[in-house]
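Structure first, then comments.
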Amino acid sequence: MTNPISIKGVQTSEAGLQAWAVRLTANASADWLAVIPVWTSFASVTSNTVTHIIVLPPPVLGNVLYIKEVWTTGFEIKPNAYTNYINGTVCTPAKTLAMAGNTGVAVFVCVVGGSAGKWLQYRLDDDGTLDSGGTPD
């Protein structure tokens, strides 16, 4: 894996520019191995069971993250810290956001940066519609 490049000032590209895309396999809650890297903008996730998880990167104001389930099993999503919020709900150790199978792409947008980071989540359905996000429970 390469390290991200930091560029100060204006950046242009004649051929286009794509941010980092990764593939992850959701793991059992105790593993914490499926952590989405901080520079990722698209994650393809596979999971053997609906109870396995992936971990969001730290929220940075303005970041947008797309998560697509590759299989139809579903999985759970947790933030990197239990002080972070998803859709207005603080994510304590007992709370995760379920990503059901065949639900399209989950979109996470960081709306507040810092230690009280807040993710806003909604879904782009496979049928092309925009759906509201879920509530961690």
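Since every read-out is calculated from the coordinates, none of them should be taken as a lab result. Keep in mind it's a predicted model, so treat the numbers as computed, not measured.
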For residue 43, what residues show an amide H to amide H distance below 5 Å, using hydrogens built from the backbone and excluding near sequence neighbours? 22, 66, 67, 68
Tell me, what ³J(HN,Hα) does each residue in region 124-137 have, in order and in whole Hz, if you take phi through Karplus 6.51 cos²θ - 1.76 cosθ + 1.60 with θ = phi - 60° and put x for Gly and Pro? 9, 5, 4, 8, x, 8, 9, 10, 5, x, x, 10, x, 9
Table column - 3J(HN,Hα) (Hz), region 96-104, Karplus curve with 6.51, -1.76, 1.60, x for Gly and Pro: 9, 9, 7, 10, 6, x, 6, 10, x
Taking θ as phi - 60°, what are the ³J(HN,Hα) couplings along region 69-74 by the Karplus curve (6.51, -1.76, 1.60), each to the nearest whole Hz, with x for Gly and Pro? 7, 7, 9, 10, 6, x
Non-local amide H neighbours of residue 71 (under 5 Å, H modeled in plane, Pro and chain starts lacking H): which ones? 47
Rounded to the nearest whole Å³, what is the per residue volume of the convex hull around the Cα atoms of region 22-132? 88
